[in-house]
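Heads up: the structure comes next, in structure tokens.
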Amino acid sequence: MINWEAHACLPLHPQADFSPLDRLREAGVNYVSINVGMDMNPVSQIISVLAAFRANIAAQPERFMLAGSVADIKQAAAAGVLAISFDLEGALPLQEQPDMLALYRDLGVRQIHFAYNRNNSIADGCHDVERGLTPLGLRMVQAVNQAGLLMDCSHTGRRCSLDIMAASAKPVIFSHANPLALAEHGRNITDEQIKACAATGGVVCVSGVSAFLGTRTPTADDVARHAAYVADLVGVQHAGVGLDISFRQDELNDNPPGDYDPTYWWPKAAGYNRSVERMTYTPVETWQLLSNALQKVGMSTAEAAGVMGDNMLRVAGQAWQRHPF
Ligand SMILES: [Zn+2]
């Protein structure tokens, strides 16, 4: 049994402190995907962060392992260290170049979605005009499959996400997204999207963010309720957890350089009335309460273990194979 945290954020700064990750490990998490950049971050910032995060992990083998495979994750769990890989939130860091995917993979990235809330030349964001996947985007989906990364549709426009899921030869995930039927927000996903994800063999990992759960002070019970909705709709093997906890370190400014406008990326009209900084997250300790919470909503112990990680382990085992199509 592996506890799989599908998405968490440290400051996008080379001096980010890794000690919050010890809290994840102490709460029982075996694997975490850490964000290394979004569409608003220039490649120079992403490369700097990747260099520092890789060095931090390599310097502390008693705490962390840079995991590239399911076998690595199982080995890390057996040794009691936290397995880590990286994710990108948006396709702009690919610079319209499909072969950037293999490069990022070599640097430890194992998961990517194509648009951070706003449209770009590859895909649509969930808070922008609907167009659908572009021709270059279609080639990028194939490149993600070939490079052996998890194709993620969080933050992506609805129609575009359906195009991506139809195009992918491998299971597609939502690493942090919640059912729209339970909380009305443009970041949340429709039943049609959840069904399309399940049809790829993928997993919808529910987030622990207050606005997306539809609660002010989110708890393990809220996360369980959202996971149970996915399980009831498409089967428990398609539900997972990506709490999206942001470990902010106020002394580090990780804003992108230049004229960065947060209201462009998090539009007030889309429901970000208060600043993103004031969103609340489920606490790390949610992980210790989740198995019970999932059983309270009707799951067996084994089904709860599936939601907490074994489902994502299955999908990663399929998606992380490199494929010479
Ligand atoms: Zn996100």
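The values are calculated or read from the model by the stated rules, or taken from the named source; none is laboratory data. Quick caveat, the model's predicted, so the values are computed rather than measured. All Cβ positions, even for glycine, are placed from backbone atoms using ideal geometry, and neighbour counts span all protein chains on display. The protein model used for the area step is the full one, side chains on, heavy atoms only, and it has no ligands, DNA or RNA in it. Shrake-Rupley method; radii C 1.70, N 1.55, O 1.52, S 1.80 Å.
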As a test of the formula, what do you get for the chain when each DSSP H run with n ≥ 4 contributes -39,500 (n - 2.57) and the sum is divided by the residue count, at 222 nm and rounded to the nearest 500 deg cm²/dmol? -11000 deg cm²/dmol
Might you tell me the accessible area per residue for the stretch 100-142, computed with a 1.4 Å probe and given in Å²? 33
Taking R0 as 25 Å, what's the FRET efficiency between Leu252 and Arg216 from their Cβ-Cβ distance, rounded to 0.05? 0.40
Grab the Cα-Cα distance for Gln295 and Leu233, subtract it from 0.36 nm times how many residues apart they are, and report the gain in nm with one decimal. 20.6 nm
Give me the aspartates and glutamates in straight-line cross-link reach of Lys74: C-alpha distance below 12 Å, same-chain residues under 8 apart excluded. Asp310
Among the trypsin sites (Lys or Arg not before Pro) within the stretch 178-267, which fall in a DSSP loop and have no more than 16 other Cβ atoms within 10 Å of their own Cβ? Arg216, Arg248
At a 1.4 Å probe, what is the % contribution of carbon and sulfur to the accessible area of the chain? 51
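Mean Kyte-Doolittle of at least 0.0 and a Cα length of 20 Å or more along the axis: which whole DSSP H helices of the chain meet both? Each step should come with its number before you reach the end.
Working: long enough: 43-59 (24 Å, 1.44); 220-234 (21 Å, 0.39).
Membrane-span-like by this rule: 43-59, 220-234.
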Selection from Cys197, Ser154, Leu82 lying farthest towards where the dipole of the chain points positive, charges on Cβ: Cys197
Quick one: work out the % antiparallel among DSSP beta bridges in the stretch 80-175, nearest 5. 10
If packing is taken as the average number of other Cβ atoms within 10 Å across a peptide's residues, how do 162-170, 5-13 rank, most packed first? 5-13, 162-170
Exposure rank, largest accessible area first [Trp4, Trp266; 1.4 Å]: Trp266, Trp4
Given 0.36 nm per residue, what is the gain on full extension from Met279 to Arg139 after removing their alpha carbon distance, in nm? 46.9 nm
Given a 1.4 angstrom probe, what's the average accessible area per residue across the stretch 151-286, in square angstrom? 40
If I ignore ligands, DNA and RNA and count only protein heavy atoms, how much of Ile245 is accessible to a 1.4 Å probe, in Å² to the nearest 10? 10
Cα centroids of the stretch 221-275 and the stretch 1-34: how far apart, whole angstrom? 15
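Rank these by accessible area, largest first, 1.4 Å probe: Tyr116, Tyr264. Don't jump to the answer; show the numbers that get you there.
Values: Tyr116 15, Tyr264 90 Å².
Largest accessible area first, the list is Tyr264, Tyr116.
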Over the stretch 4-54, give the accessible area per residue in Å² for a 1.4 Å probe, as an integer. 28
Measure off 7 Å from each Cα along the Cα-to-Cβ vector at Glu96 and Tyr264, then give the distance between these two points in nanometres to one decimal. 1.7
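Using only the alpha carbons of the chain, what is the convex hull's orientation-averaged projected area in square nanometres?
On the way: hull surface 57.7 nm².
The number I arrive at for the chain is 14.4 nm².
What percent antiparallel are the DSSP beta bridges of the chain, to the nearest 5? Walk me through the numbers before you get to the answer.
On the way: 2 of 30 bridges.
Once the DSSP bridges in the chain are tallied, antiparallel ones form about 5 percent.
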